[in-house]
1. Here is a list: L102, L113. Which entry is in a helix (DSSP H, G or I), at pLDDT 95 or above and under 27 Å from N188 (Cα atoms)?
2. So which pairs qualify, if the first residue must be in the stretch 54-68 and outside any strand (DSSP E or B), the second must be at pLDDT below 95, the Cβ gap must be under 7 Å, and the two must be at least 6 apart or on different chains?
3. Return the residue satisfying two criteria in turn: it lies in the stretch 73-91 and is touching a strand residue (DSSP E or B) at 6+ places or on another chain (Cβ under 8 Å) and among the small types (G, A, S), and of such residues it is surrounded by the most Cβ atoms within 10 Å (Cβ to Cβ).
4. For L361, only one of the following conditions fails: (1) hydrophobic (A, V, I, L, M, F, W, C); (2) part of a loop (DSSP other than H, G, I, E, B); (3) buried (at least 17 other Cβ atoms within 10 Å of the Cβ). What is its number?
5. Step by step: first the residues of the stretch 108-130, then only those that are among the β-branched types (V, I, T) and touching a Lys or Arg at 6+ places or on another chain (Cβ under 9 Å), then the one that is nearest to D94 (Cα to Cα). Which residue is that?
6. On the given criteria, is S97 surrounded by 23 or more Cβ atoms within 10 Å (Cβ to Cβ), more than 26 Å from G250 (Cβ to Cβ) and in contact with a helix residue (DSSP H, G or I) (Cβ under 9 Å, 6 or more places away or on another chain)?
7. Which number in (1) surrounded by fewer than 24 Cβ atoms within 10 Å (Cβ to Cβ); (2) in contact with a helix residue (DSSP H, G or I) (Cβ under 6 Å, 6 or more places away or on another chain) marks the one condition that A213 misses?
8. Which one is farthest from the chain's Cα centre (by Cα), of the residues in the stretch 327-342 that are at pLDDT 90 or above and not in a strand (DSSP E or B)?
Amino acid sequence: MHVTAITMEDTSFPYRLGTECVEEIVARLGERTASRYLVVCDTTVGPLYGRALADRLEKEASPAVLLTHPVGEIHKHIGTVDALAEQALAEGADRRSVVVALGGGITGNIAGLLASLLFRGITLVHVPTTVVAMLDSVLSLKQAVNASYGKNLVGTYYQPAEVLADTAMLRTLPVRELRSGMGEVVKNSLAIRPSMIERLSAELRPDAQYEDAAMRWIIEESVAAKAEVTGADKHERRDGLVLEYGHTTGHAIEHAARGEVAHGAGVAIGMVAAAEVSRRLGHASADLVALHRELVAKAGLEAAVPALVDAAEVKSWLTYDNKRGYLPCPPDTTPMVLLSAPGQALRTGRLPLVPVPLELLGQAVDTLAAPARQAAAATVRLSPAPA
């Protein structure tokens, strides 16, 4: 496995990436000599990888228990964490137990928060199984779950001891999740690392069929992009805020869709909305908007708010964005990451954020929702009248 040292201020941990390296993952976990391994995954990953990993750890290392939670964003809340904590304690978890977060970003956040709370903090190891997790969520110290008022509003910061990633696990992902991961990759290229845009444009596949070598390059470049902005900002409160590009509208779409829109798909729409807002404010050119649309399309993602999402509800959730409070914004504005060019974030002082009128952002959302509304209206007109 290729090892990258992830350093964030005074925090560091190894990120190990390989292909078909389950044997090494088991060996690395076994070296931790845990009193008990708490393998946390959802009910989809459990049968695919969770049961086998827990059985291998039980046989070759120490007692292991499989803790599962329901699939989906709708279950990413404090009640799920509480239920898993009760299960873990009932199974004999103690301060020498190791939480193994096996899954995507949702599981990573749930398990990360669980590890930070059990006995006020026990060892956490990420074994990501999705693209979003491998190149984004496991590289953050943020461990949070959703509240009724929005995404990731309840949580803390907690460091993993290690990340162990096997790209072979991505082969069982549905196309929806692979495309979602590419939404975050496009974000990294546009907001942080424009040097990867040319090759990324050639590597992206609308059908989401990626060779292992291409996937490793994509993940390694994204890891490098994230390291650029978190090395001196482990809590992502300064330069690291650029990682929120596309997330203001993207999170609102996710929340309004109640799990029907994947995270990276929401971010893709959110980036196009942000580019359009920047253009309307006079900071960005039409070419930048076109570049956003081109990369999003090559990743097999949509640049429009889908018909299943109520645009009015999206605009309502915009007022609960988790970046509120970083800037002294008037009540009719919200702080956003905007670009003037690839890799060039607009700033207010030292922060890569600017206040954006909610009315203007709402207009951009309406513009991106219009194609879906027009298509739905056309379908109704073409439907035969009832007999």
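The values are calculated or read from the model by the stated rules, or taken from the named source; none is laboratory data. The structure presented is a predicted model; accordingly, all values stated were derived computationally and were not measured. When we count neighbours, we look across all protein chains shown, and the Cβ atoms used for this are built from the backbone with ideal geometry, even at glycine.
1. L113
2. S62/T33
3. Checked the stretch 73-91; the qualifying residue surrounded by the most Cβ atoms within 10 Å (Cβ to Cβ) is A88.
4. (2)
5. At the first step, the residues of the stretch 108-130 found to be among the β-branched types (V, I, T) are 110, 122-123, 125, 127, 129-130.
Filter once more, keeping what is touching a Lys or Arg at 6+ places or on another chain (Cβ under 9 Å): 110, 122-123, 125.
Details: I110: 18, I122: 8, T123: 11, V125: 16 Å.
Filtering first and then ranking leaves I122.
6. yes
7. Going through (1) surrounded by fewer than 24 Cβ atoms within 10 Å (Cβ to Cβ); (2) in contact with a helix residue (DSSP H, G or I) (Cβ under 6 Å, 6 or more places away or on another chain) one by one, A213 breaks only (2).
8. Residues of the stretch 327-342 that are at pLDDT 90 or above, as a first pass: 332-342.
Checking the rest, the ones that are also not in a strand (DSSP E or B) come to 332, 337-338, 342.
On the way: D332: 28, V337: 16, L338: 19, P342: 21 Å.
Residue satisfying both the conditions and the ranking: D332.
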